[in-house]
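What follows is a set of notes on a single structure, which appears directly below.
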Amino acid sequence: MDGVVGVYGLRDNELVNKVYLATAACQHRGKASTGLAIGTRRGIYIHKSLGRIADVVDANLIRIFQDLEPTAAIGNIGYTKRRVAEKINAEPIEIHPKKPSKYSVALTMDGYLVKEDDLKAELESDYIFETDNKTEVVGALLHKFVSESGISFEAGRKLIDKLHGRATFALVALIHDGKETSLIALNDDRAFEPFCFARINSTFVVSSESCSHRRLNGNTEREYDGAEMTICSPKGCETVRLREEKPMPDIFQGVYFGNVGSLFRGKEIFQIRRELGHELVNQYKTSRADIVIPNPESGWGVTVGIAEGLGKPLFPALIKLPQAVRTFQEGVRRTRSQEVGLKFGGIDSLLKGKNVAMGDDSIVRGSVSEGGSVWVVYNAGAKHIEFWVSYGPMFFPSFKEWYRGRECIDELAVQRAFKGRNPYNKTLEEINRAVAKLIGVDEVKYNLQERIKKITGDGSFQAMDASYPISEEYWPDWLKTEVEKFHRYKK
């Protein structure tokens, strides 16, 4: 997931430094690329490249950008959009109309657009497309609607309506009209992607996570409801809801993504994960464990809850090594599992001869065991591992993976555990046993969807029950077949 930030502040002498700090606070979301864009009375200027923000933006660039007297700025921390990251796809992206236009647009987006070929074909007579990034298609649509309706809520409404049922997004954009630069923030009508804003010393700050606001010594005012748009200009900042739909936030983001100090639907992510640990203990009641350990770093929250519920000591017996490499974006399972093994070190004095309860946020592909953290714990001498999981069994892929075809469902741990068989008519106990065998532990303890919903509230549980924010007309055929089978056997 990308981290996106927008800042608007007239006569703010620290505006560029603020967008830098707010964007850097989201660094955990993506490490493939970084970009900043600033808007001034003279136009929009963009700097971006591959790598983390500290590799791409330095103090000299911040000073140069600030000397241009910007009124608005946007930032992006990029998630890998292709297996091999390319600078051309980094954000923010500038939109290139073929004919002269009053408006210049640069934007960045957290989200995804499904099957955009028809939209791109519709726009190609009027726009030059330079990237493979879906954000560019959304940006061209935004430019088109702004050209028709001005920098207005009507332009945002047209974009919301056009993308209804086929895209999720939280976007920030700079729009220069030849005289001034305005900032707009807009999210999809189901509020699938996290998005929140604050006013900090008269400067408006919008971000994909509330940790950006804390980094600037402020507090989040609130998270956006679906189809909300903010327009910031010299006239002020105004927010309007453009379409009424039932919110469908991505619950997995509260479990898996994000700074644990950030808010998810009004609740601190660490406390969500801790309470999910309590729910797991309430569900399973007993444990053979002598000690409880997290699978770092994402396993910490749930593991605290498990340790509290079981009344067992919590130890950081599995440590993330300084030479660790990021692996969850790696597409080849063998390479991914080898790299996972390089991430961790086990503390023998804590693990040798022990029965271990190991907490983690989720099991997606199951590569934690294949040369990874589970192997490290056994290698340190543990004699029994219970793998406690804050999320439930994942039957379906994220819609952001559909473009890869059936591969994205076949690689999921639950599907692999029942390869050649039907996973949808199995009890939770059967799934626990099969996945435990697959990943090489003695026990797996998945959470139940109703227990997760009790803590997080309602939303999209796309991986567990195919509650996608995308209309079925855009689903691939192989997915429709699987979902029909799922509902037939789960009745």
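Details
- Look at the range 141-168: where a residue is outside the structural domain of residue 129 (by TED's automatic domain parsing), no partner that is at pLDDT 95 or above and outside any strand (DSSP E or B) sits 6+ places away or on another chain with Cβ atoms under 9 Å.
- Enumerated helices (runs of 4 or more DSSP H) restricted to the range 412-491, each holding at least 1 residues that are touching a residue at least 40 places away in the same chain (Cβ under 8 Å) and within 30 Å of residue 378 (Cα to Cα): 413-417, 428-439, 449-456, 462-465
- Qualifying residue in the range 5-15 (condition: in contact with a Pro (Cβ under 8 Å, 6 or more places away or on another chain), of a type outside the set (Phe, Trp, Tyr) and either in the same structural domain as residue 215 (by TED's automatic domain parsing) or buried (at least 24 other Cβ atoms within 10 Å of the Cβ) (or both)): yes
- Conditions (1) surrounded by fewer than 20 Cβ atoms within 10 Å (Cβ to Cβ); (2) among the small types (Gly, Ala, Ser); (3) modelled with pLDDT of 95 or more; (4) within 14 Å of residue 30 (Cα to Cα): number failed by residue 85: (3)
- Every condition in (1) assigned to a loop (DSSP other than H, G, I, E, B); (2) touching a residue at least 60 places away in the same chain (Cβ under 8 Å) holds for residue 101 except the one numbered (2).
- Taking residues in the range 1-13 that are touching a residue at least 40 places away in the same chain (Cβ under 8 Å) and within 13 Å of residue 230 (Cβ to Cβ), and partners anywhere that are assigned to a loop (DSSP other than H, G, I, E, B) and not hydrophobic (A, V, I, L, M, F, W, C), the pairs with Cβ atoms closer than 7 Å and at least 6 places apart or on different chains are 8/71.
A quick yes/no check of all residues on (1) in contact with a helix residue (DSSP H, G or I) (Cβ under 6 Å, 6 or more places away or on another chain); (2) not in a helix (DSSP H, G or I):
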| site | (1), (2) |
| --- | --- |
| 125 | no, yes |
| 136 | no, no |
| 158 | yes, no |
| 169 | no, yes |
| 198 | yes, yes |
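- Filter result for residue 40 (within 18 Å of residue 212 (Cα to Cα), in the same structural domain as residue 103 (by TED's automatic domain parsing) and in contact with a strand residue (DSSP E or B) (Cβ under 8 Å, 6 or more places away or on another chain)): no
- Positions within the range 1-54 being more than 20 Å from residue 87 (Cβ to Cβ) and among the hydroxyl-bearing types (Ser, Thr, Tyr), in sequence order: 8, 40
- In the range 453-461 there is at least one residue that is under 22 Å from the mean Cα position of the chain (by Cα) and basic (Lys, Arg).
- The condition of being in a helix (DSSP H, G or I) and surrounded by 24 or more Cβ atoms within 10 Å (Cβ to Cβ) holds for only one of 147, 212, that being 212.
- Leading residue by the ranking (farthest from the chain's Cα centre (by Cα)) among those in the range 282-320 that are of a type in the set (S, T, N, Q) and modelled with pLDDT of 95 or more: 287
- Each residue in the range 1-21 was checked for being β-branched (Val, Ile, Thr), part of a strand (DSSP E or B) and over 19 Å from the mean Cα position of the chain (by Cα), and 1 pass.
- Residue match in the range 331-339 (condition: modelled with pLDDT under 80, of a type in the set (Gly, Ala, Ser) and either part of a helix (DSSP H, G or I) or not assigned by TED's automatic domain parsing to the domain that holds residue 80 (or both)): yes
- Evaluating residue 31 against the criteria (1) in a loop (DSSP other than H, G, I, E, B); (2) crowded, with 22+ Cβ neighbours inside 10 Å; (3) out of contact with any helix residue (DSSP H, G or I) (no Cβ under 6 Å at 6 or more places or on another chain) leaves one unmet condition, (2).
The values are calculated or read from the model by the stated rules, or taken from the named source; none is laboratory data. Everything quoted here is computed from the prediction, not taken from an experiment. Note that each Cβ is placed from the backbone with ideal geometry, even for glycine, and that neighbours are counted across all protein chains shown.
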